1. Check region 8-29 and report whether any residue there is at pLDDT 75 or above and either aromatic (Phe, Trp, Tyr) or not in a strand (DSSP E or B) (or both).
2. Starting from residues that are over 16 Å from residue 303 (Cβ atoms) and surrounded by fewer than 16 Cβ atoms within 10 Å (Cβ to Cβ), keep the ones in region 223-236 and report whichever is modelled with the highest pLDDT.
3. Criterion first (under 25 Å from the mean Cα position of the chain (by Cα), surrounded by 16 or more Cβ atoms within 10 Å (Cβ to Cβ) and closer than 18 Å to residue 197 by Cβ) does residue 124 satisfy it?
4. Count, please, the residues in region 190-203 that happen to be among the basic types (Lys, Arg) and either in a loop (DSSP other than H, G, I, E, B) or exposed (fewer than 15 other Cβ atoms within 10 Å of the Cβ) (or both).
5. Output the residues belonging to region 172-189 that are in contact (Cβ under 8 Å) with a residue 12 or more places away in the chain, in a strand (DSSP E or B) and of a type outside the set (Lys, Arg).
6. Residue by residue through region 204-216, note down the ones that are loosely packed, with under 15 Cβ neighbours inside 10 Å and either part of a loop (DSSP other than H, G, I, E, B) or aromatic (Phe, Trp, Tyr) (or both).
7. Among the numbered criteria (1) crowded, with 17+ Cβ neighbours inside 10 Å; (2) modelled with pLDDT of 90 or more, which single criterion is violated by residue 37?
8. Restricting to region 278-329, what's the tally of residues that are surrounded by 15 or more Cβ atoms within 10 Å (Cβ to Cβ), farther than 23 Å from residue 347 by Cβ and not small (Gly, Ala, Ser)?
Amino acid sequence: MVKTIRPMRKIVLLLLLLIRHPGIADDQGQAFYWRGALYQDWMGFQGKSETMFSQLSTRLHLTLWNRPGDGWTINLDLRNRLVMNEGGGNSLMVYNAYLAYDAPGSRFFLSLGQMNLYDTAGTGQLAGVLAGFKLNRNLSAGAYGGLETDIYNTRTSFNYQKFGVYFRYLGQGARQFSLSYNLVRFKAITERQFLLANALMPLGKILILYGNMEIEMDPLVKPADRLSQLFVNARANLTRYADITASYSSGRGMDYHQFLLEQSQDPSLQNSTIERFYYNKSYGVRFNLKPGRNLRLHISRQESELADLGIRNHTLGFGFSIAQILKSGISLYGNYNLNRGGSSEADTYYLSASRSFGKLAWTLSYANFYNGVLFSGNGSPQVIRIKVPDQHTISTDLFLILSRSLAISLDYSYLQQTEYFEHQLFMRLILRK
């Protein structure tokens, strides 16, 4: 185990060395810029008659050389996760590891390495190159190409390629719009080609619109299935005491690569089982009321549909938050959801109380459901939600600021059912520069 985590120890020592030497002068007398954060985590949970699961995680985020936008910059965002149980594995996740160029006097910009394209083309992870030009102070255009990968580097293969072009507009008042054409190929065969559009449009001080959509461009896709994803969110500030938010989302898609892989491993599987062409839709509205300086109330209505299965569920939600009760420093929050429908959960509720003691913040909460993350054997995370009639979850969180650069977070949760219980602990050390 010592050999497994030794590479991350070297990275930690590098960060500590940089903290001791915050500026290194170059030949021209300019300071070497860097900014970073180190997160050292430990998570453990143990259920009834089970061996405690233990996991150690180290994440390092560094920006080096020059400030972003002032020339050449190196961006690193890495995580090393080690399962400490017998037979557990070690995995290195690369969120970002690329060299970028962007300067005030240059219309040209470039990124080379492993990066995410969420703020440009909006198509996720890429191991390759992105280059573009600033057409004016508001509009830019670029192109990218390389290998489609993920943070676990499980799909890094020369057979799996991604290309695209995009335009992006950034205006005043947070206005922005982007449009990209994206092509994914597997073994020289086009797997998917689509247009992706994103927009954020504040309209005065009253209305804010945000949305995105994907349109499939492959000629084999049926016209009715070309709109593969749509999300629209609108918020209106009615008065200084009330606002309303409405949202709509629908999505459908198919993982062709996973389909071919599973079919080759087990040809006896039926296409109806593998070909998960899913249709999801949800829409709703939420009304927020602020009758007092520290009091917030809300009521919401949400509709959820699985169109391919003919399932519709309805949720009516109520909630409140009260800050600084009687100037005591105590704040309360709670919500209650009435869930109805053919495949809905039972009603859920959540209550929490928090208190700030200067540099120490404490929160205590109770819920009749549990949300968490489950890591499968290959390291892929899955969000899990447990809700049964006899479910109870109590949790407490502490966050302590030791200095401008150092903080500690401690979390504990206890989950109880009729014939099962589980303890979950999480500790994090945060070091920033």
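The values are calculated or read from the model by the stated rules, or taken from the named source; none is laboratory data. What you see is a predicted model; the values in this text were computed from it and never measured. Every residue, glycine among them, receives a Cβ derived from its backbone with ideal geometry; neighbour counts consider all protein chains shown.
1. Taking region 8-29 as the starting set, the residues that turn out to be at pLDDT 75 or above are none.
Checked against the condition, which is being at pLDDT 75 or above and either aromatic (Phe, Trp, Tyr) or not in a strand (DSSP E or B) (or both), region 8-29 yields no hits at all.
2. Filtering region 223-236 for residues that are over 16 Å from residue 303 (Cβ atoms) and surrounded by fewer than 16 Cβ atoms within 10 Å (Cβ to Cβ), the one modelled with the highest pLDDT comes out as 236.
3. So residue 124 does not fit the description; no.
4. Selection size over region 190-203: 0.
5. 176, 177, 178, 179, 180, 181, 182, 183, 184, 186
6. If the condition is that a residue be loosely packed, with under 15 Cβ neighbours inside 10 Å and either part of a loop (DSSP other than H, G, I, E, B) or aromatic (Phe, Trp, Tyr) (or both), then 204, 205, 206 are the ones that fit.
7. Looking at each condition in turn, residue 37 falls short on (1).
8. So the count comes out to 1.
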